[in-house]
Amino acid sequence: MTENSKGYFKKMLDAVKSVFTGLGVTIGYGVSPGREVTQQYPEVKREPYDRFRGKLFVDINICTGCTACARICPVDAIVLKTVRDENKKLRPVVFDIDNARCIYCGLCVEACPVDNCLYFRKEYEFSSYSKDELISHFGLGELPQPDKPAADRPSPDMPAQAGPAKDQPVQGKTDETRKEEGK
Ligand code: SF4
Ligand code: SF4
């Protein structure tokens, strides 16, 4: 028998041995219920690990509207529009997170300068038949304009009025922008 054919038969023997080794493990679990490793999902749910990255959330009340998260997002999953309020602070009037685009990289969470403002929850069951339902809306909405007569108020169809250009950082991309870019 040549060296080549010896090697060939040794590999075959190893393959057969590995099949029976695997079968032994499977049969072991099969005949011993105490060793079950499967769970009856969705009746039984596993608690995710502490660092699990589930659905992304923002505590909009402590968000400074700095836009760091939207600017760093590699897939434009965050659409953020801000206006200056009466105290010259940025107000996130629109803060949308598209969970269908998000790749859960965590870059936005790392970039956020405010502790516990942007974070992953352990929630992982949010599948949907509609992509629109996968967008989380956190924005505070436009500032109330009680002094203006109704005729002067912007129509709900108009884009957010954001004051001077330097005061309205608009980050991320809207679906319209993406369509224009052919994404
Ligand atoms: S986790 Fe990554 S992909 Fe998702 S919104 Fe944040 S930066 Fe974008
Ligand atoms: S980085 Fe944090 S504080 Fe800045 S806009 Fe995003 S969520 Fe708000």
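No value in this document is a laboratory result; all are computed from the given coordinates. This one's a predicted model, so the numbers in the text were calculated from it and none came from an experiment. Methodologically, a virtual Cβ is constructed for each residue, glycine included, from the backbone with ideal geometry; neighbour enumeration extends over all protein chains shown.
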request  = Could you list, in their original order, any pairs among 45/122; 81/131; 55/89; 55/131 whose Cα atoms are separated by more than 24 Å?
outcome  = 55/89
ask   = So, counting K/R as plus one and D/E as minus one, what does the shell of residues with Cβ under 12 Å around residue 60 add up to?
value = -1
task = Scan the stretch 60-138 for GluC sites (Glu not before Pro) in coil per DSSP, keeping those whose Cβ has at most 16 other Cβ atoms within 10 Å, and list them by number.
result = 86, 123, 125
